[in-house]
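Undergrad: Let me begin by handing over the structure; questions about it come next.
The values are calculated or read from the model by the stated rules, or taken from the named source; none is laboratory data. All figures in this text were calculated on a predicted structure; none of them were measured in a lab. Using ideal geometry, Cβ is built from the backbone for each residue, glycine included, and neighbour counts are taken over all protein chains shown. Side chains are part of the model used for accessible areas, which takes the heavy atoms of the whole protein and leaves out ligands, DNA and RNA. Shrake-Rupley method; radii C 1.70, N 1.55, O 1.52, S 1.80 Å.
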Amino acid sequence: MTHDHDLVLRPTPAQTEAALNPPPGRNGGDLVVETLAGLGATTVFGLPGQHALGMFDALRRSDLRYVGLRVENNAGFAADAYGRITGEAAPLLLSTGPGALTSLAALQEAAAASAPVLAISSQVPTAGLGGGRHGYLHELPDQAASFRGVVKSVHTARTQSQIPSAIEAAWTSALSAPHGPVWVEIPQDVLLAGTAIPVVTGGDAFPEELPPRPELTAVAADLLSKAARPAIIAGGGVVRADASKKLRQLAETLQAPVVTTPGGKGAFPWTHPLSLQSWIEDRHTTDFLEDADVLLVVGSGLGELSSNYHTFKPRGRVVQIEADLGKLESNHPALGIHADARLALQALLETVSEREDPTAPERVRALLAKVAERIAAQELTLEQEVLASVRKALPADSPSFWDMTILAYWAWSAFDAKGPNHMHSAQGAGGLGYAFPAALGAAVADPTRPVLAVSGDGGALYSIAELATARQYGLNVTWLIVDDGGYGILREYMTDTFGEATATELTRPDYVALAESFGVPGVRTTPEKLEQDLAKQLASPGPSVLLLPAVLRMFAATHLD
């Protein structure tokens, strides 16, 4: 009898030849890039540093494409977007100490959004590991400790023979549900030393599946099939699991209205008769969801943004499907199903009974009319027109990346993403500077489509150096910068809370002239010309900057009522 674990993959003749006669001049860094290539990686992001030079020298001997950014945090954002767009683990090569630590905010965003990033950092020489204070450049008592609370898993390779296995284990971790960033570190001397280890010619890293428990999906299917007023909240887990089609099938079978969270934008068709769109920060929507007798939550932890700032109090039964065990029932008691969204939705499709509910589309229309009436009463025409102009100018299949800025907050609720995995923002961790470097990573992942980045003038300064990256690689990204003279949303928060704002006003450069100094075309536009100018820039190959001087206001929050 043969068991699966008895099977051994035999090397091909070419692999045997490479193993017996490795080329000269290889070092530990070669084992890194060979392992990445063997796992299927084609592109790496990063920034060189003294301790990591062994890895970067090895790139010269590989077929991997290297995209170098100017700040490690921005390189992390670019890798994050590459992982979101491709669904592959995006390698991020970093150096020790300051270089590694500078990536932390980007890795936090990747963790919050379940983006698969494979960060590989150098370490001080092996003699410096273990907490002793040897005085090495960039030395930390425990570098990995800085990342354990941020990434999914941490791996250290202390010898060259450990490198392939450490990277394969990290790769598997990054791509197992829920996706996320992982951390590998390798000492400087291990990377630099010559190696006699055979060329790494293959990889055996298969992500672990996370199927639902059948007894739980059976109960969930029964609840949903017998519900009088079922509803669905779709989060980012639906997008990451590529489960949008299954979500639509289930919603139509159950005649259950669907609202998407900011992370779940595009998971359900915007104009579908059952679409509540994504007005989740609205009291009318909150009331609608609270009234559901069975609420299915898929790929969301019902955190701050997805619960209208924790004012949502469901009265019916909640069924929660979540791949991140830490988010399961963390905010509301539920029938918790720890599973990948795609596998769980498939299980429900196979077991639910079809419901008839001719009132569902009408209830959806009535809710959206209430939301529209509330927004219309606030006289926010400029904001709505600006967002509409962006939507008209942006091709339907182009991805967009949004910084933490007022127009992005509008987009979370009011922007039609036109499809899953098309709209991305930094709403997971909420840091500034995400949009432009992330858009660059998306353009690397798919150069056939123009990519839009949207920032405020404050957030733009976090990543202005990456105009050099955009120019160097000719990346097809248009950067819309909305200049309101400072940190606009913080200005609003402080004025509303304290009566006046402090530390929110900024001296800014001439963004158009600054872009042109990098060799990137820059255009100043107006709300009236925005659609025309943005469409023109998006249709032009290569990077560009579009500056919109405008003071936008946020629609009134309902969680404070």
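Undergrad: Say we look at region 45-65 and pick out the residues that are more than 14 Å from residue 30 (Cα to Cα) and among the hydrophobic types (A, V, I, L, M, F, W, C); which of these is farthest from the chain's Cα centre (by Cα)? Steps first, please.
TA: Taking region 45-65 first, the residues more than 14 Å from residue 30 (Cα to Cα) are 45-51, 65.
Applying the additional criterion that residues be among the hydrophobic types (A, V, I, L, M, F, W, C) yields 45, 47.
Numbers: 45: 16, 47: 20 Å.
Filtering first and then ranking leaves 47.
Undergrad: Quick one: how many residues across region 267-306 are in a loop (DSSP other than H, G, I, E, B), closer than 26 Å to residue 221 by Cβ, in contact (Cβ under 8 Å) with a residue 40 or more places away in the chain and not hydroxyl-bearing (Ser, Thr, Tyr)?
TA: The total comes to 11.
Undergrad: Restricting to region 513-537, give me the number of residues that are of a type in the set (A, V, I, L, M, F, W, C) and farther than 29 Å from residue 371 by Cβ. Spell out the reasoning first.
TA: Quick first cut of region 513-537, residues of a type in the set (A, V, I, L, M, F, W, C) only: 513-515, 518, 520, 523, 530, 534-535.
When the remaining residues are screened for being farther than 29 Å from residue 371 by Cβ, the result is 513-515, 518, 520, 523.
Of the residues in that region, 6 qualify.
Residues are listed down the side, and each one gets a yes or a no for (1) surrounded by fewer than 13 Cβ atoms within 10 Å (Cβ to Cβ); (2) part of a strand (DSSP E or B):
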residue	(1), (2)
491	no, no
528	yes, no
531	no, no
535	no, no
547	no, yes
552	no, no
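Undergrad: Looking only at region 26-53, count how many residues are surrounded by fewer than 24 Cβ atoms within 10 Å (Cβ to Cβ) and either within 22 Å of residue 103 (Cα to Cα) or touching a strand residue (DSSP E or B) at 6+ places or on another chain (Cβ under 8 Å) (or both).
TA: Residues meeting the conditions: 10.
Undergrad: Can you give me the number of residues within region 311-323 that are surrounded by fewer than 21 Cβ atoms within 10 Å (Cβ to Cβ) and in contact (Cβ under 8 Å) with a residue 60 or more places away in the chain?
TA: Selection size over region 311-323: 3.
Undergrad: Ok, one more. Collect the residues in region 327-366 that are part of a loop (DSSP other than H, G, I, E, B), open to solvent by 60 Å² or more (accessible area, probe 1.4 Å) and either closer than 14 Å to residue 212 by Cβ or touching a helix residue (DSSP H, G or I) at 6+ places or on another chain (Cβ under 8 Å) (or both), keeping them in residue-number order.
TA: The first filter runs over region 327-366 and keeps only residues part of a loop (DSSP other than H, G, I, E, B), leaving 328-334, 339-340, 350-359.
The next check asks that each one be open to solvent by 60 Å² or more (accessible area, probe 1.4 Å); those that pass are 329-331, 333, 350-351, 353-354, 356, 358-359.
Result: 331, 350, 351, 353, 354.
Undergrad: Next up: Can you tell me which condition residue 448 does not meet? The list is (1) more than 19 Å from residue 545 (Cβ to Cβ); (2) touching a helix residue (DSSP H, G or I) at 6+ places or on another chain (Cβ under 7 Å); (3) assigned to a loop (DSSP other than H, G, I, E, B), and all the others hold.
TA: (2) is the only condition that residue 448 fails.
Undergrad: With the requirement that a residue be aliphatic (A, V, I, L, M), touching a residue at least 60 places away in the same chain (Cβ under 8 Å) and in contact with a helix residue (DSSP H, G or I) (Cβ under 6 Å, 6 or more places away or on another chain), what does region 27-62 give you?
TA: Passing the criteria: 31, 32, 39, 55.
Undergrad: Please give the number of the condition residue 80 fails out of (1) assigned to a helix (DSSP H, G or I); (2) in contact with a Leu (Cβ under 9 Å, 6 or more places away or on another chain); (3) among the charged types (D, E, K, R); (4) open to solvent by 10 Å² or more (accessible area, probe 1.4 Å).
TA: Tallying (1) assigned to a helix (DSSP H, G or I); (2) in contact with a Leu (Cβ under 9 Å, 6 or more places away or on another chain); (3) among the charged types (D, E, K, R); (4) open to solvent by 10 Å² or more (accessible area, probe 1.4 Å), residue 80 fails exactly one: (4).
Undergrad: Given the structure, is residue 186 more than 30 Å from residue 300 (Cα to Cα) and either under 30 Å from the mean Cα position of the chain (by Cα) or free of Cβ contacts under 8 Å to residues at least 24 places away in the same chain (or both)? Reasoning before the result, please.
TA: On the way: more than 30 Å from residue 300 (Cα to Cα): yes; either under 30 Å from the mean Cα position of the chain (by Cα) or free of Cβ contacts under 8 Å to residues at least 24 places away in the same chain (or both): yes.
Spelling it out, residue 186 is indeed more than 30 Å from residue 300 (Cα to Cα) and either under 30 Å from the mean Cα position of the chain (by Cα) or free of Cβ contacts under 8 Å to residues at least 24 places away in the same chain (or both).
Undergrad: Can I ask one more? When region 359-375 is examined, which residues are found to be more than 32 Å from the chain's Cα centre (by Cα) and over 20 Å from residue 268 (Cβ atoms)?
TA: 373
Undergrad: Taking into account only those residues within region 200-226 that are in a loop (DSSP other than H, G, I, E, B) and open to solvent by 80 Å² or more (accessible area, probe 1.4 Å), which is nearest to residue 38 (Cα to Cα)? Let's see the steps before the verdict.
TA: So the first thing to find is which residues in region 200-226 are in a loop (DSSP other than H, G, I, E, B), and the list is 200-213.
Now restrict to residues that are open to solvent by 80 Å² or more (accessible area, probe 1.4 Å): 204, 206, 208-209, 213.
Numbers: 204: 9, 206: 13, 208: 19, 209: 21, 213: 34 Å.
Here the residue is 204.
Undergrad: Please verify whether region 273-293 includes one or more residues that are at pLDDT 95 or above, within 19 Å of residue 345 (Cβ to Cβ) and open to solvent by 10 Å² or more (accessible area, probe 1.4 Å).
TA: So far as region 273-293 goes, no, none of its residues is at pLDDT 95 or above, within 19 Å of residue 345 (Cβ to Cβ) and open to solvent by 10 Å² or more (accessible area, probe 1.4 Å).
Undergrad: On to the next question. Could you grab the pairs with beta carbons closer than 6 Å, sequence gap of 6+ or different chains, first residue in region 110-131 and under 16 Å from residue 262 (Cα atoms), second one open to solvent by 20 Å² or more (accessible area, probe 1.4 Å) and of a type in the set (Val, Ile, Thr)?
TA: Matching pairs, first to second residue: 111/150.
Undergrad: Just checking, does region 67-75 include any residue being open to solvent by 30 Å² or more (accessible area, probe 1.4 Å), part of a loop (DSSP other than H, G, I, E, B) and of a type in the set (A, V, I, L, M)?
TA: yes
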